[in-house]
Each structure stands twice: as structure tokens, then as C-alpha cells.
1. Roughly how many whole Å is it from the C-alpha centroid of the range 41-119 to that of the range 16-37?
2. What full-extension length gain, to one decimal in nm, is calculated for residue 261 and residue 112 as 0.36 nm per residue of separation minus the Cα-Cα distance?
3. Rounded to the nearest 500 deg cm²/dmol, what is the calculated helix-only ellipticity per residue at 222 nm for the chain, with -39500 (n - 2.57) per DSSP H run of length n ≥ 4?
4. Could you tell me how many degrees, from 0 to 90 and to the nearest 10, lie between the Cα long axis of helix 88-97 and the main elongation axis, the longest principal axis, of the Cα atoms of the chain?
5. Quick one: work out the % antiparallel among DSSP beta bridges in the range 49-148, nearest 5.
6. Calculate how steeply helix 59-72 sits against the longest principal axis of the alpha-carbon atoms of the chain, using the helix alpha-carbon long axis, and give the answer as 0 to 90 degrees to the nearest 10.
7. Percent of accessible area on the range 154-287 owned by carbon and sulfur, 1.4 Å probe?
8. For the range 143-287, what does the accessible surface come to per residue with a 1.4 Å probe? Please give it in Å².
Amino acid sequence: MLVSATEMLNKAVAGKYAVGQFNINNLEWTKAILATAEECKSPVILGVSEGAGKYMTGFKTVAAMVKAMIEEMNITVPVALHLDHGTYEGCYKCIEAGFSSVMFDGSHFPIEENVEKTKELVKVCHEKGISIEAEVGSIGGEEDGVIGAGEIADPNECKKIADLGVDFLAAGIGNIHGKYPANWKGLDFDALAKTKELIGDLPLVLHGGTGIPADMIKKAISLGVAKINVNTECQLYFQEATRKYIEAGKDLEGKGFDPRKLLKPGTDAIMVIVKEKMELFGSVGKA
Ligand code: 13P
């Protein structure tokens with residue numbers, strides 16, 4: 001059964017650890033992440049971007065697949081199915097499709113509009129027992145080969161959005177999606193501490209979990225980060241394992257690729273990196 005992410009993240013704040021959000025793109029990634037969470041006895045959040053949702057033919061397919069896999073794989077740990085960086089319309093689609101959690105990314109709207117839309121979505125989500133994440137200060141990243149710096153969220157704006165009743169909040173603290181550039185200044189812990197002071201025990205979310213050094217991850221958790229998103233690192237592990245498999249020529253058995261064999265090394269590699277992250281975040285054994 002799917003659960004909202006609220007309880008698992010409140011527990012994480014109290015226990016000073018973080019729950020990983022790992023993005024899914026297909027059945028194999030979902031299977032790898034669910035199997036690892038069960039093995040590690042860790043709660044887990046499956047993130048779905050709007051693009052990944054479309055790729056999998058729609059959010060209804062995703063919700064049905066994840067629910068069925070939880071049952072067929074006998075998964076006992078808490079699993080939340082979460083829309084990642086949702087648009088206003090995307091949030092409504094996921095609520096209808098049976099997601100247990102959504103992120104409304106209103107960070108590109110003027111703050112008044114972000115407030116208005118977030119308030120409305122908080123009400124709708126909570127009526128249905130769905131958790132909701134909001135974002136303040138856009139998370140940078142690579143676009144057309146240019147890596148934008150991560151914006152630092154204004155702690156007062158964070159407080160304003162937190163007060164709308166969201167269940168967890170993504171505050172930009174210099175983090176970016178994808179690989180970090182060589183001249184990256186690191187996370188802004190002063191901004192994080194100021195935000196934490198204003199919002200109290202509300203769980204904070206760290207996007208762009210790929211490539212942040214372990215000591216920074218630990219410090220962020222000590223300052224109230226309870227959810228850490230990882231996507232690119234899973235892709236990199238998947239790519240490397242698949243490349244090695246193809247280069248080894250194991251696919252050449254006269255029948256072309258057997259998709260199950262072709263995708264297995266990448267799927268196994270995702271299990272390795274997800275386990276490593278769960279250990280680093282401290283969520284192992286917390287289910
Ligand atoms: P990375 O791709 O940098 O791991 O970030 C993932 C993320 O924040 C998804 O919202």
C-alpha cells in the first residue's frame with residue numbers, strides 16, 4: 001500500500017536521518033528501488049517527473065504499476081509515490097491518478113501567485129490524505145550545456161510558504177540538479193540554519209542529491225533536511241553497467257538482445273547506489 005510521505009519525514013526529522021527520493025522511469029528502476037528499500041528495511045519515496053510520467057504512458061499507469069509491484073513483491077516498508085517538480089495541472093492529474101504525495105513547484109511564479117496556488121493545493125491534498133511539498137528559490141542545474149548556480153531561498157519566503165500548511169519544503173541552498181561544476185561553492189549552511197530557525201520541525205528537502213559530498217549531506221541532515229532527492233547518480237550507474245555489458249559482447253547470442261538480460265546489470269547497479277545512499281542518509285532499519 002502507498003502511504004503519504006508526511007509521517008515518514010516527521011519521523012526522520014525527529015530521528016535525525018533522511019529518507020531518499022529516487023526517481024523512477026520504468027519498471028526496472030521501480031523494481032530495483034523497491035527491492036533495495038525492502039532489503040534495507042528503509043522507508044522510500046519514488047519520485048516521478050512529469051516527463052517520466054508521460055514516458056510511462058501517464059500517471060495512472062505509474063500508480064497502478066507501483067501499487068501492484070508493492071503487492072506482488074511483498075514490500076512491507078512505507079512507500080510514497082511522489083510527483084517531482086509538478087506543475088499546477090500535473091498535481092491535479094496525480095491526485096486523481098492515486099499518487100500519495102505531490103510536489104508543487106511554484107518557484108518560478110511571483111511569490112504571491114506561488115502562495116495562492118500552494119494554498120489551494122494544500123487544501124485539496126489534505127482532504128485526500130496526500131502529502132505536499134513546495135519549493136522556494138529555484139534549484140539550478142544544467143540546461144543546454146550551461147550550468148546555472150543554485151539560488152539561495154529567502155528564509156522569510158520559506159516561512160511564508162511553510163505557514164500555508166505544506167508537509168515539507170524544498171529550499172534552495174546552492175544545490176543544483178545533475179553534476180556540480182568544479183567551481184561550485186558548496187551548500188549554504190547559514191541560509192539553511194536561518195530557514196530551520198524560522199520553520200521549526202517542518203521537514204526540509206534537498207534536491208540535487210547527486211555529487212554532494214558525504215560530509216555536507218550529514219551536516220544538512222543535522223540542520224533539518226529529512227528528504228534527499230537522487231536521480232542523476234542512478235542514471236550514471238545504470239549507464240556504466242549497461243555500457244560494460246554491451247562492450248563485453250554478452251548480448252551476441254544470435255538472437256539479438258534479450259531485454260531482461262540487457263537491463264539486468266543496470267538494474268543491479270541501481271540497487272548498489274540506492275543502498276549506498278540509504279546508508280549515508282541513515283534510513284536503513286528505520287521502516
Ligand atoms: P540529481 O539529478 O542531481 O540527483 O537531482 C535529483 C532531484 O533533485 C530530483 O528532483
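1. Result: 13 Å between the Cα centres.
2. 48.5 nm
3. Value at 222 nm, helices only: -15000 deg cm²/dmol.
4. Tilt relative to the chain: about 60 degrees.
5. 20 percent
6. For 59-72 against the chain, the angle is about 70 degrees.
7. After summing per-atom areas, the C and S share lands at 54 percent.
8. 51 Å²
The values are calculated or read from the model by the stated rules, or taken from the named source; none is laboratory data. None of these values were measured; they are calculated from a predicted model. Reconstructed Cβ throughout: ideal geometry from the backbone, glycine too, with neighbour counts over all protein chains shown. Side chains are part of the model used for accessible areas, which takes the heavy atoms of the whole protein and leaves out ligands, DNA and RNA. Shrake-Rupley method; radii C 1.70, N 1.55, O 1.52, S 1.80 Å.
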